[in-house]
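What follows is calculated from the coordinates using simple rules that are stated; it is not laboratory data. None of the values given here were measured: they were computed from a predicted structure. We place every Cβ from the backbone using ideal geometry, glycine too, and count neighbours over all the protein chains shown.
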Amino acid sequence: MPKLLSVMFVALFTFCLSGIAAADSIVETWTCKVKEDKKIEDVQAINSQWLKWVNARVEGGGIKSSVGESVVGNSENFLFVDTYPNLATWAATKDALDSADGEKLDELFEDVSECSENRLWKIEDTK
């Protein structure tokens, strides 16, 4: 009987964790252009630095980031798409970026890109 209880406990624990993993997420998007004499590879390199930096400084991490390029339509613009596990992680990231080191990262982005729009989205999985 104790073995059955421990198996049931592990199954229940796994089920609860899967619910957390499938929770809604927060997505921040930025619509930007690459500055003249710069390349999208420059943007991607800085974005990689940014991602490592925020995940190292924000408790729990789990932050993801992508650079999206247009396949059809306006190819002058690109997107930053940052995905956070929850709103608290997004807020903690903003706090971390308010530091002197965070401002240096922002300056690197400003050297290679100019962003015109920003949105914060709550993404809910369709069931």
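Numbers at a glance
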| quantity | calculated |
| --- | --- |
| Residues in segment 32-59 reached by a label modelled at S70 [backbone nitrogen below 12 Å; 7 Å Cα→Cβ] | 32-34 |
| Gyration tensor verdict on segment 18-124 (Cα atoms; rounded if a/c is under 1.5, prolate if a/b is larger than b/c, oblate otherwise) | oblate |
| Among the listed pairs K39/K64; K33/K122; K94/K122; K35/K122; K39/K127; K39/K94, those beyond 28 Å (Cα-Cα) | K35/K122; K39/K127 |
| In order through segment 84-96: 3J(HN,Hα) via Karplus (6.51 cos²θ - 1.76 cosθ + 1.60), integer Hz, x for Gly, Pro | 10, x, 6, 5, 5, 5, 4, 5, 5, 5, 4, 4, 4 |
| Rounded if a/c under 1.5, otherwise prolate or oblate - segment 81-127, Cα gyration tensor axes | oblate |
| Residues of segment 57-77 with amide N under 17 Å of the 7 Å Cα→Cβ point at K33 | 69-70, 73-77 |
| Peptides ranked, highest mean first, by Cβ atoms within 10 Å: ranges 39-49, 117-127, 62-72 | 39-49, 62-72, 117-127 |
| Label-to-label distance, nm, for residues given as L120 and D106 (7 Å Cα→Cβ offset) | 1.5 nm |
| Where the Cα pairs of segment 52-96 fall when distances are cut into 10 Å bins, in % | 26, 42, 20, 12 |
